[in-house]
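S.K.: Pasting in a structure now, in structure tokens, and then I'll have a few things to ask.
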Amino acid sequence: MAKQAFTNESTYKRFVEQGKEQEFDDLFDKAVEEAKKQFGKTHPMYIGGKEVLSRERIEERSPIDGTLIGHFQKGTREHAQMAIDAARKAFLSWGLTDYRERAAIFRKAADVFSKHKFIVAAILSYENGKSRYESVGEVDEAIDFIRYYANELEVNRGFVRRTTMEKSTAKVAAGFQGAPSSKNEKVLIRMVPFGVFGVIAPFNFPISISAGMSTGAMITGNTVVFKPSSSDSMTLLTGLKIYESFREAGLPDGVFNYVSGPGSEVGDELVANRGVDGIAFTGSRSVGTSMIMKSYGLGLQKAFVVEMGGKNPVIVSKNADIDDAVIGVASAAFGFDGQKCSACSRVYVHDSIKEQFISKLIDKVRGFRIGNPLEKSVYMGPLISQNAWKTYSEAVEKIKQSGRLLYGGNKVSTGLQGIYVEPAIAEVGKTNELVKRELFVPILIIEGYKDFGDALNEANDVDYGLTAGLYSKNKKEIREFMDKIEAGVVYINRETSATTGAIVGLHTFVGWKGSSVGGKGSGSKFYLQQFMREQSMSLTK
Ligand code: NAP
């Protein structure tokens, strides 16, 4: 088979490089109009390739302005069980399908996503309030994941290898460890799929993460029951678009099942049901760890591919290019309102430049336009939900009582029904619990430091270990940071963003400590292996 080189989709970059930025904007604006035509409908679940309805519905509205996106089925435990049965049945043939055939279907799926890119991105912006650049970038990332994993499967020839040892010519004793065979022994060593995976996705990257986890499971031969986020942050229509794209690419009935319904019911059933062999989950640490404990507590040893939260630090040394650090920190902390697992939420700045850094940072964020993310130049859209506003406002109160609020902290009036807030910058002191807890809203805590080693220790002194950044031109500091920082994704002197914006094929995305289970990254050479188990099969003739 001819090898295909992996290239990133990079839509916005390509339009800009070709001097066609206006065309990019026109395509997105047109897609917004198209998306609106799809809103307000009632959608079924899809189990075993068939439409399935539930007794109750979930109403999905946009966090931007309350636009009705659609009515979806409120799936129950019984629906999860139906989907597990359908997935088990489909596994019987899908699990035995040649890996080249599976890779070809997923390559086609990437093309289908690419064809529908702008419309899916427009729906995404409505669903979770992302700007057009973030939304198109996320669909690009989904496409990149799919193509990257198809490549990996092909390059590794389906993760099968054969070994053999010539029979012994001498007469040797048998029956002890290491005794050579007297006949030819041929061994097949292969990675085989587990069976059925439950794929449970978060609201903040509902397309790229859902498509990435699902592709990881299915391209390796498992079948999937997919549950998008459906509680106070809903991404049900983009979840459906993923289903439609996979089906358009030719995935057989029952290989990918779409079940909308609450995590406490549909998600919990996937975790507790014996018919599910593995769970691919991305979401909060509390849900991730409780799922694992529940499953093991029930005596079930499922495979877990689990990505969780972050409390991502940046160190700005006295040897930093301050302007680069300001741009990098501002975008990492406040892009998509800080609602990225990789968002920077803590900055340690050398005392000698702290006030200068803060003043430049405030100037920078003051220029961020806050409002309707469907509009071209808006940088910060709405918070995802009322719960996120509660977290933001309670944290701001706490800062006012026990620290120094340096900027922001208020609601912004946009004339829209959604919840819009200022980016907030604060100092609270290193013992404050806000330094350790993931807030997932646009609040950045700044602390000064004297000694680089102390700043590193504080950066590491949290349960999480997802992303981290450093701004320094000093080689010794860079080396020390590289040696000691406890994070899976590390950026040094990155101007575009201090902690966010991993690119498939360039970086991998992986958490350490409480940010992940397994320590293998998405978009990585080691990702697919997590969805399979190894088998050594010896045949002596
Ligand atoms: P979440 O509240 O943990 O929800 C994630 C998913 O889990 C949703 O689909 C939810 O379903 C489901 N769920 C909730 N309770 C469940 C249960 N008892 N059993 C099974 N499933 C259950 O997370 P989120 O608010 O959507 O996303 C934000 C979090 O994800 C942050 O912590 C962020 O750091 C993390 N994240 C991590 C990464 C990474 O790669 N490390 C990437 C993105 C996000 P319902 O909504 O339907 O209830």
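The values are calculated or read from the model by the stated rules, or taken from the named source; none is laboratory data. Just so it is clear, the model here is predicted, and its values are computed rather than measured. Because the Cβ atoms are built from the backbone with ideal geometry, glycine has one as well, and the counts that use them run over all protein chains shown. Side chains included, ligands, DNA and RNA excluded: accessible areas come from the protein's heavy atoms. Shrake-Rupley method; radii C 1.70, N 1.55, O 1.52, S 1.80 Å.
S.K.: Out of the residues in segment 395-412 that are of a type outside the set (Ser, Thr, Tyr) and open to solvent by 60 Å² or more (accessible area, probe 1.4 Å), which is farthest from residue 435 (Cα to Cα)? Can you show your working first?
M.R.: The first filter runs over segment 395-412 and keeps only residues of a type outside the set (Ser, Thr, Tyr), leaving 395-401, 403-406, 408-412.
Adding the requirement that they be open to solvent by 60 Å² or more (accessible area, probe 1.4 Å) leaves 397-398, 400-401, 404, 410-411.
Details: 397: 15, 398: 12, 400: 15, 401: 15, 404: 14, 410: 20, 411: 22 Å.
Checked segment 395-412; the qualifying residue farthest from residue 435 (Cα to Cα) is 411.
S.K.: If you don't mind, another one. Here is a check on your reading of the model: is residue 254 over 20 Å from residue 57 (Cβ atoms) and more than 9 Å from the ligand (Cβ to nearest atom)?
M.R.: Criteria met by residue 254.
S.K.: A further question follows. For residue 6, only one of the following conditions fails: (1) of a type outside the set (Ser, Thr, Tyr); (2) open to solvent by 80 Å² or more (accessible area, probe 1.4 Å); (3) not assigned by TED's automatic domain parsing to the domain that holds residue 57. What is its number?
M.R.: It fails just one condition, (2).
S.K.: Tally the residues that are of a type in the set (S, T, N, Q) and in a strand (DSSP E or B), restricting the search to segment 300-359.
M.R.: 2
S.K.: Taking the stated definitions as given, is residue 118 open to solvent by less than 40 Å² (accessible area, probe 1.4 Å), within 24 Å of the chain's Cα centre (by Cα), hydrophobic (A, V, I, L, M, F, W, C) and not assigned by TED's automatic domain parsing to the domain that holds residue 233?
M.R.: On the way: open to solvent by less than 40 Å² (accessible area, probe 1.4 Å): yes; within 24 Å of the chain's Cα centre (by Cα): yes; hydrophobic (A, V, I, L, M, F, W, C): yes; not assigned by TED's automatic domain parsing to the domain that holds residue 233: no.
Answer is no for this residue.
S.K.: Considering only residues that are among the charged types (D, E, K, R) and more than 30 Å from residue 478 (Cβ to Cβ), look in segment 280-327 and name the one that is farthest from the ligand (Cβ to nearest atom).
M.R.: Out of the qualifying residues, it is 302.
S.K.: Would a scan of segment 489-511 turn up a residue that is open to solvent by 60 Å² or more (accessible area, probe 1.4 Å), within 12 Å of the ligand (Cβ to nearest atom) and not polar (S, T, N, Q)?
M.R.: Among the residues of segment 489-511, not one is open to solvent by 60 Å² or more (accessible area, probe 1.4 Å), within 12 Å of the ligand (Cβ to nearest atom) and not polar (S, T, N, Q), which makes the answer no.
S.K.: Tell me which residues, restricted to segment 344-357, are touching a residue at least 60 places away in the same chain (Cβ under 8 Å) and open to solvent by 10 Å² or more (accessible area, probe 1.4 Å).
M.R.: The answer is 345, 350, 351, 354.
S.K.: Suppose the filter is within 16 Å of the ligand (Cβ to nearest atom), in contact with a strand residue (DSSP E or B) (Cβ under 9 Å, 6 or more places away or on another chain), assigned by TED's automatic domain parsing to the domain that holds residue 402 and modelled with pLDDT of 95 or more; does residue 456 pass it? It would help to see each step written out before you state the result.
M.R.: Working: within 16 Å of the ligand (Cβ to nearest atom): no; in contact with a strand residue (DSSP E or B) (Cβ under 9 Å, 6 or more places away or on another chain): yes; assigned by TED's automatic domain parsing to the domain that holds residue 402: yes; modelled with pLDDT of 95 or more: yes.
Judged against the criteria, residue 456 is not a match.
S.K.: May I ask you to list pairs of residues, at least six apart or on different chains, whose Cβ atoms are under 9 Å apart, with the first in segment 228-246 being closer than 18 Å to residue 34 by Cβ and the second being more than 7 Å from the ligand (Cβ to nearest atom) and charged (D, E, K, R)?
M.R.: What qualifies is 237/60; 237/127; 238/127; 245/115.
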